[in-house]
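Down below is the structure, laid out as structure tokens.
Each value in this text was obtained by applying a stated rule to the coordinates, not by laboratory testing. The structure presented is a predicted model; accordingly, all values stated were derived computationally and were not measured. Cβ sites come from the backbone with ideal geometry, for glycine too, and all protein chains shown count toward neighbours.
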Amino acid sequence: MVQLVLDDVRAVHRNDPAAGSWLETLLCHTPLHAILLHRVAHWLRERLGLRLLSRYLSAINRFWTGVEIHPGARIGRGFFLDHGTGVVIGETAVIGDWCVMFHNVTLGGTGKYHGQRHPRLGDHVFVGTHAILLGPIQVGDHAKVGANAFVINHDVPAHSTVVGTPARIVKRDGFRTDEDLPRTIPPPGAVAVELEV
Ligand SMILES: CC(C)(COP(=O)(O)OP(=O)(O)OC[C@H]1O[C@@H](n2cnc3c(N)ncnc32)[C@H](O)[C@@H]1OP(=O)(O)O)[C@@H](O)C(=O)NCCC(=O)NCCS
């Protein structure tokens, strides 16, 4: 447990240019509080079978940090959550080691499956803000999910970058999948504006 806490603090310093001292991180980094409280809730549920207490702690966690993580979710070492608010992580979600996730990300179910019904993230996965990943999908090691991407019922290969709604692969193993793809996708309904130079 001590090693897990140390790795979570290290992850903040590794990923957040705004991070201050270790004391400041421990006292003020609310997403870190969310992860640490989740680790306690998960331990209460998995090791001691205290399901009600673990759910209660998870509810307090949500109230305190704005991050909703079901106590059943499995989160690996060195998880970095930036900002945190609005993140929802479902009961059977799995997050590998040294993953990075921004605010308002959803790792949710589709309502169609029982048992394993939430996404599984490999190691070193990056998930941008407002990304929505639904269903028992697998996101491979070192994959990047762009901000606002919507991924449902399709796995994301390792070492790939996916963007858009629905998400598609724009880069894999360091190479663009389609050179003709525009490098930015305007949101639906957006109107181009001519800038005066
Ligand atoms: C999509 C994202 C993950 C790419 O990150 P990256 O480190 O640049 O990833 P990669 O190098 O693997 O891929 C970049 C490539 O994808 C392309 N790409 C990115 N977004 C794209 C899009 N919407 N449409 C098409 N191509 C896109 C880039 O043009 C680039 O191509 P290039 O290398 O040929 O120039 C990143 O842009 C993103 O969305 N980050 C989220 C950050 C965030 O949530 N911040 C919140 C702060 S509060």
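Proximity of backbone amide H atoms, modeled 1.01 Å from N, is registered between residue 69 and 89 at under 5 Å, excluding neighbours fewer than 5 places apart on the same chain.
Projecting each Cα onto the charge dipole of the range 1-68 (Lys/Arg +1, Asp/Glu -1 at the beta carbon, about the Cα centre), which of 13, 48, 66 comes out farthest on the positive side? Of the candidates, 48 comes out farthest on the positive side.
For residue 82, the residues 5 or more places off, or on other chains, whose built amide H falls under 5 Å of its own are 101, 102, 103.
Shown in residue order for the range 130-144 are the 3J(HN,Hα) couplings computed by the Karplus curve 6.51 cos²θ - 1.76 cosθ + 1.60 at θ = phi - 60°: 6, 5, 10, 10, 10, x, x, 8, 10, 10, x, 4, 6, 6, 10 Hz (x for Gly and Pro). Kindly express, to the nearest 10 degrees and within the range 0 to 90, the angle between helix 51-65's C-alpha long axis and the longest C-alpha principal axis of the chain. Approximately 60 degrees, to the nearest ten. With Rh defined as the Kirkwood radius, the inverse of the mean 1/r over Cα pairs, the Rg/Rh of the range 42-99 is 0.96. What longest region of the chain stays clear of GluC sites (Glu not before Pro) that DSSP places outside H, G, I, E and B and that have at most 10 other Cβ atoms within 10 Å? Of all site-free stretches, the longest is 1-178. The charge dipole of the chain, taken about its Cα centre with unit charges on the Cβ atoms of Lys, Arg (+1), Asp and Glu (-1) only, comes to about 800 debye.
Once backbone amide H atoms are built at 1.01 Å from N, residue 75 has 95 as its partners under 5 Å, excluding neighbours fewer than 5 places away on the same chain. With contacts taken as Cα pairs under 8 Å and at least 6 residues apart, the range 50-90 reaches a relative contact order of 40 percent.
Length, then width, then depth: along the principal axes, the Cα atoms of the range 1-150 run 45, 36, 25 Å. Coupling constants for the range 9-23 follow from the phi torsions by the Karplus curve (6.51 cos²θ - 1.76 cosθ + 1.60, θ = phi - 60°), and in residue order they are 5, 4, 4, 5, 5, 6, 10, 10, x, 8, 5, x, 6, 4, 5 Hz; glycine and proline get x. Within the chain, which is the longest segment that contains none of the trypsin sites (Lys or Arg not before Pro) sitting in a DSSP loop with at most 14 other Cβ atoms within 10 Å? Of all site-free stretches, the longest is 113-182. A simple charge model with +1 on the Cβ of Lys and Arg, -1 on the Cβ of Asp and Glu and nothing else charged puts the dipole of the range 14-116 at about 400 debye relative to its Cα centre.
With θ taken as phi - 60° and the Karplus curve 6.51 cos²θ - 1.76 cosθ + 1.60 applied, the whole-hertz 3J(HN,Hα) list for the range 38-45 is 4, 4, 5, 4, 5, 5, 4, 6 Hz, x standing for glycine and proline. Computed over the chain, relative contact order equals 11 percent, with contacts defined as Cα pairs under 8 Å that lie 6+ residues apart.
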